[in-house]
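Okay, structure first, notes after.
The values are calculated or read from the model by the stated rules, or taken from the named source; none is laboratory data. A quick note: this is a predicted structure, and the numbers were derived from the prediction, not measured. All Cβ positions, even for glycine, are placed from backbone atoms using ideal geometry, and neighbour counts span all protein chains on display. Side chains are part of the model used for accessible areas, which takes the heavy atoms of the whole protein and leaves out ligands, DNA and RNA. Shrake-Rupley method; radii C 1.70, N 1.55, O 1.52, S 1.80 Å.
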Amino acid sequence: MTYIYAVANQKGGVGKTTTAVNLSAYLALRGKRVLLVDMDAQANASSSLGIDREKVTCSSYDVLLGNVTAAKATLKNTKLNLAIIPSGPGLAAAEVELVGELAREYRLRQAIDTEAGKYEYILIDCPPSLGLLTVNALTSATGVLVPVQCEYLALEGLSQLTRIVQLVRQRLNPQLEIRGLVLTMYDARTALAHQVVAEVEKYFGNRVFATRIPRNVRLSEAPSYGQPILTYAPSSPGGTAYKALTDELVTQNEGAS
Ligand code: ATP
Ligand code: MG
């Protein structure tokens, strides 16, 4: 089977892209066949892997609009053994352009269905909104990974996200589940972080990954070198944390099958 994860949270800057990029890289390091789909017009996932968005000729936008196949838009990072469908100019307009289209919520799903057999993991980096791009990702996915920043008001918005996931499950994609919450930018020294963790665990129980991602400057530097943490600073706290998160996810998946 192919695990397809939408990495989503409508709150901005919580670590969606960092999580999508680094999980993808560590999954690939484990020998998994991985596709990362950049569904954000900001193109942060693409640039984090050294892809110059200005030079992208076929992007997730073209895939959504049906201009090209997903295979045609896929780039290969041979060093990381990672496939990526980059974002590109135009994606910001896709939400509007798709409105009049037939089956607009299923565009991404139809496009990646043809690819699913090639990959064991497909990760979709979502924009910070619950608009049509995120709905396309949720409609395509088997599960949602929700990065949650350990800060005040972290739970605000999670109920809205949960509601959208429920709606998509009822109407568009019955297999969708919240696969897991990833606590990011965790600082064990602060009382606030402990409070946030306690709150999130109260609501989401064992759907919260045990691995917590610490706040680590290496994680924020790596994108400007076009590298994931596993090549930039693998032994940093951020590197070991994302490796541990990958191991946790894979162990859960393989134990369950
Ligand atoms: P957006 O909503 O804009 O897409 P996002 O949810 O994808 O944001 P990221 O881009 O992953 O969030 O992270 C926001 C910023 O925080 C980035 O500059 C990133 O490098 C930094 N960052 C993410 N995780 C960490 C961490 N654990 N420690 C330190 N910095 C981090
Ligand atoms: Mg992002």
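Specify the residue that is nearest to Leu158 (Cα to Cα); the eligible residues are those in the stretch 177-232 that are within 21 Å of the chain's Cα centre (by Cα) and in a loop (DSSP other than H, G, I, E, B).
Arg215
Looking at the stretch 206-257 only, could you name the residues that are more than 16 Å from ligand 1 (Cβ to nearest atom) and under 14 Å from Ser24 (Cβ atoms)?
Those that are more than 16 Å from ligand 1 (Cβ to nearest atom) and under 14 Å from Ser24 (Cβ atoms): Leu249, Val250.
What is the one condition in (1) out of contact with any strand residue (DSSP E or B) (no Cβ under 7 Å at 6 or more places or on another chain); (2) open to solvent by less than 10 Å² (accessible area, probe 1.4 Å); (3) farther than 14 Å from Ser60 by Cα that Val135 does not satisfy?
Of everything listed in (1) out of contact with any strand residue (DSSP E or B) (no Cβ under 7 Å at 6 or more places or on another chain); (2) open to solvent by less than 10 Å² (accessible area, probe 1.4 Å); (3) farther than 14 Å from Ser60 by Cα, Val135 misses just condition (2).
Applying the selection to the stretch 28-48, what residues are more than 7 Å from ligand 1 (Cβ to nearest atom) and surrounded by 22 or more Cβ atoms within 10 Å (Cβ to Cβ)?
First pass over the stretch 28-48, keeping only residues more than 7 Å from ligand 1 (Cβ to nearest atom): 28-39, 41, 43, 45-48.
If the condition is that a residue be more than 7 Å from ligand 1 (Cβ to nearest atom) and surrounded by 22 or more Cβ atoms within 10 Å (Cβ to Cβ), then Ala28, Val34, Leu35, Leu36, Val37, Asp38, Met39, Ala43, Ala45, Ser46, Ser48 are the ones that fit.
Output yes when any residue across the stretch 104-114 is within 16 Å of ligand 1 (Cβ to nearest atom) and buried (at least 24 other Cβ atoms within 10 Å of the Cβ), and no when none is.
Initial filter on the stretch 104-114 (within 16 Å of ligand 1 (Cβ to nearest atom)): none.
For the stretch 104-114, residues within 16 Å of ligand 1 (Cβ to nearest atom) and buried (at least 24 other Cβ atoms within 10 Å of the Cβ): absent.
Please specify each residue of the stretch 224-233 satisfying the condition of being open to solvent by 50 Å² or more (accessible area, probe 1.4 Å) and within 16 Å of ligand 2 (Cβ to nearest atom).
Once the filter is applied, which keeps residues that are open to solvent by 50 Å² or more (accessible area, probe 1.4 Å) and within 16 Å of ligand 2 (Cβ to nearest atom), the stretch 224-233 yields only Ser224.
Which is closer than 28 Å to Ile164 by Cβ and modelled with pLDDT under 95, of Met1, Met39? Let's see the steps before the verdict.
On the way: Met39 fails: modelled with pLDDT under 95.
Met1 is the lone residue from the list that is closer than 28 Å to Ile164 by Cβ and modelled with pLDDT under 95.
Could you list all residues from the stretch 201-223 that are of a type outside the set (A, V, I, L, M, F, W, C), within 16 Å of ligand 2 (Cβ to nearest atom) and crowded, with 18+ Cβ neighbours inside 10 Å?
Pro223
Where the second residue is within 15 Å of ligand 1 (Cβ to nearest atom) and the first is at positive phi and lies in the stretch 147-164, which pairs have Cβ atoms under 9 Å and are six or more apart or on separate chains?
So the pair list comes out as Leu153/Lys11; Gly157/Asn9; Gly157/Gln10; Gly157/Lys11.
Give all pairs with beta carbons closer than 7 Å in which a residue from the stretch 228-257 that is under 18 Å from Leu183 (Cβ atoms) meets a residue that is in a helix (DSSP H, G or I) and away from ligand 1 (no atom under 13 Å from the Cβ); count only pairs at least 6 apart in sequence or on separate chains.
Gly239/Leu230; Tyr242/Tyr26; Lys243/Tyr26; Thr246/Tyr26; Thr246/Leu27
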